[in-house]
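Worksheet for the structure shown next.
The values are calculated or read from the model by the stated rules, or taken from the named source; none is laboratory data. Quantities reported herein were computed from a predicted structural model and do not represent experimental measurements. Every residue, glycine as well, gets a Cβ built from its backbone with ideal geometry; the counts of neighbours run over all protein chains shown. Note: accessible area is taken over every heavy atom of the protein model, side chains too, but ligands, DNA and RNA are not part of it. Shrake-Rupley method; radii C 1.70, N 1.55, O 1.52, S 1.80 Å.
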Amino acid sequence: MKKKKRETKQRNIAAAVLHWIFFTRHYLLQFPLLSAIFAFLLFFAAFSVISPLPPIINHHRSSKLKNGAKVDESTFSTETSPFRVPRSGGRHFWNSRLSKFYYGCSNANDSFQTADLKTNSNRYLLIATSGGLNQQRTGITDGVVAAYILNATLVVPKLDQKSFWNDSSDFAEIFDVDWFISFLSKDVTIIKQLPTKGGKVLTPYRTRAPRKCTPICYLTKVLPVLNKKHVVQLGKFDYRLSNRLSPDLQKLRCRVNYHALKFTDSILEMGKKLVQRMRMKSEHFIALHLRFEPDMLAFSGCYFGGGEKESMELGEIRRRWKSLHASNPDKERRQGKCPLTPEEVGLTLRALGFGSDVHLYVASGEVYGGEATLAPLKALFPNFHSKETLASKRELAPFSSFSSRMAALDFIVCDESDVFSTNNNGNMAKIIAGRRRYFGHKPTVRPNAKKLYKLFINRHNKTWEEFASRVRSHQIGFMGEPNEVKPGRGVFHENPSSCICQDPVAKAGAGLNPTPQTLPREGHKNVKENAERNGTSDVSDEHSIEDDHDQDATDVDYVDNGNAIQGKGLAGEMLSEEFFSD
């Protein structure tokens, strides 16, 4: 009905224009130049009235593109909805206003035993990591700590080359192995390969540590085996160390993750080129880690508005994990466990004040639905870039056949961006969030999916101003600011609170109240040295958001043959796992 009324209105306007021209034609003929100008202006005005606004498409609604994907055409609605996204952003935040009061501190205390005093010469520990680049990174970090707990020599970790990611790269092809060994030499003795005995390389005994194993767990379950076998390899080494450790061991984690794990020169050089090319396009830019691959969506058990076609396609992929539990898509979304769609994360960024002129770097794999799914995000941020658009095929050739090396390039750009955002709560999102906290609390937008889901569903009943205001309210505590999460909450790699110290001198100079016990009388330089020596970190502040930071994906483990196993107690923990989240 509304469509018919609009068409009738357009015909009436056109008829009125023709009627006016007919009765004024004899005047217009006397002044040809004036007539031409007037006619052009009149035509432009009529065309503006008749032509509708171009729509932004959305993955959740029902209009079809050429490839059959179902998309929405209502983000820029016509008369039926007040929801209209403005082109300008209104405000920008390219840095944290409180970051200058905090800094990363991971130096060992004087009482922390060094490797030369505690390493047992007859204990060798090997670890075999699981998953993609960032999942392996957590395994490597925790492997160093496990070796320290066991007083063992660590052999350079083996990377997973057979799982879903199918990358044949070894440790030295991704990380600077000599730097890794030398930087940690005071903490743990690390060697590149096992020694020989009688002309033969020692053969490791293969076993597994329980998930989230504490130091006491390692001493009671792994150490007896190590004392008996002398050479032990812990397989599928991911999430095999407790999240809650003493400050000394947490700081060792930080030394490994933020300092010892450095990419190879070739990866660093290419990553820096990508960052420089983004800087050439704009002084500031946002990096978005977009996880929206078919396998990932199938695993999530969520629904993304694609109708029967989506249900069939993702359902077929989901059946690869034969024992994966049935999911309730609505419940998963209510609990904040579903990744945001490209459009939803784009709307979140626009609501936070970033206009359509902002340059966006997107780190992504194969996006489900292809260009039809990306179209709404590109409409919101036309300055859309990726490593494939910034570099030639020839430049990317040394990396393009290796998923972990390509992920490392994205890691560098995301880490160096002015603002980092994500649509999920996977390993890379957590690792980079923690790293950005450690190196200056650079703005990091972690969508509060639990609060945002209702807002996205009902957005067409709201004005843009109402929507944007609610987004900003829901995102308080999810922007990478200091003390958003209390120490001990969330995953340590996301919230390395033991490795974040406050600068009381800077706080005092700004008129803020520093934590009393961390305010010594020494000068500025001595304050930092004292804080690092004593392991002090700020554990209380005005704002601390807890509840929604535990929005992790379903805790399901993956075995090599694609079957899923629910982790239940130590019996389930000892089974083979590959957590599908990177």
*Would you mind telling me the share, in percent, of accessible area of the stretch 249-307 contributed by carbon and sulfur at probe 1.4 angstrom?*
51 percent
*asked:* Can you give me the accessible area per residue for the stretch 278-414, using a 1.4 Å probe, in Å²?
replied: 39 Å²
*Give the accessible area for Met406 in Å² (nearest 10); use a 1.4 Å probe, count only protein heavy atoms, and leave out ligands, DNA and RNA.*
30 Å²
*Please give the per residue accessible area of the stretch 438-514, computed with a probe of 1.4 Å over protein heavy atoms only, in Å².*
38 Å²
_Unit charges at the beta carbon, dipole of the stretch 407-508: most positive-side option, Ile500, Ile457, Pro482_ = Ile457
*Where Lys and Arg each count +1 and Asp and Glu each count -1, what net charge lies around Ser282 among other residues with Cβ under 15 Å from its Cβ?*
-1
*asked:* Let me check against my output: what whole-number percent is the relative contact order of the stretch 372-460, with C-alpha pairs under 8 Å and at least 6 apart?
replied: 21 percent
*Cα-centre dipole for the stretch 218-368 with unit charges at Cβ (Lys and Arg positive, Asp and Glu negative), debye to 20*: 1020 debye
_Listed residue pairs exceeding 24 Å between alpha carbons, taken from Lys450/Lys507; Lys262/Lys442; Lys236/Lys450_ = Lys450/Lys507; Lys236/Lys450
_16 Å tail of the calculated P(r), the stretch 341-397, as % of Cα pairs_ = 45 percent
*What order do Arg318, Arg244 take when sorted by accessible area (1.4 Å probe), most exposed first?*
Arg244, Arg318
*With a bin width of 10 angstrom, please list the P(r) values of the stretch 352-507 as percents of all Cα-Cα pairs, from the 0 bin to the one holding the largest distance.*
9, 32, 36, 19, 5, 0
*How much of the accessible area of the stretch 346-421, probe 1.4 Å, is carbon plus sulfur, in whole percent?*
52 percent
*asked:* So with the 1.4 Å probe, I'd like the accessible area per residue for the stretch 221-275, rounded to whole Å².
replied: 36 Å²
*Keeping all protein chains in position, work out how much accessible area Cys338 exposes to a 1.4 Å probe, and write it in Å² to the nearest 10.*
10 Å²
*asked:* Rounded to whole Å, give me the distance from the Cα center of the stretch 251-322 to that of the stretch 132-193.
replied: 22 Å
_Taking a ≥ b ≥ c as the square roots of the Cα gyration tensor eigenvalues, with a/c under 1.5 meaning rounded and otherwise prolate when a/b beats b/c, else oblate, which class fits the stretch 136-255?_
rounded
*Protein accessible area in the stretch 153-213, 1.4 Å probe - carbon and sulfur %*: 51 percent
*For Asn383 and Asn95, compute 0.36 nm times the residue count separating them, minus their Cα-Cα distance, and round to one decimal in nm.*
101.6 nm
*asked:* Just to verify a number: what accessible area does Arg319 come out at with the full protein assembly present, 1.4 Å probe, Å² rounded to tens?
replied: 150 Å²
_Additional length obtainable on full extension of the chain from Lys118 to Glu466, 0.36 nm per residue less Cα span_ = 119.2 nm
*Environment charge of Pro398, counting only residues whose C-beta is closer than 14 Å and scoring Lys/Arg +1, Asp/Glu -1*: 0
*So how do Val201, Val345 rank on accessible area, 1.4 Å probe, biggest first, that is with the largest at the start?*
Val201, Val345
_Positive minus negative residues near Arg334 (Lys, Arg vs Asp, Glu; Cβ under 11 Å)_ = +4
*Run the numbers on the stretch 403-504 and let me know its relative contact order in percent, using alpha-carbon pairs under 8 Å that are six or more apart.*
31 percent
*Potential lengthening between Arg87 and Glu293 on full extension [0.36 nm per residue; Cα-Cα distance subtracted]*: 71.3 nm
*asked:* Could you sort Thr348, Thr463 by their accessible area in this structure, using a 1.4 Å probe and putting the largest first?
replied: Thr463, Thr348
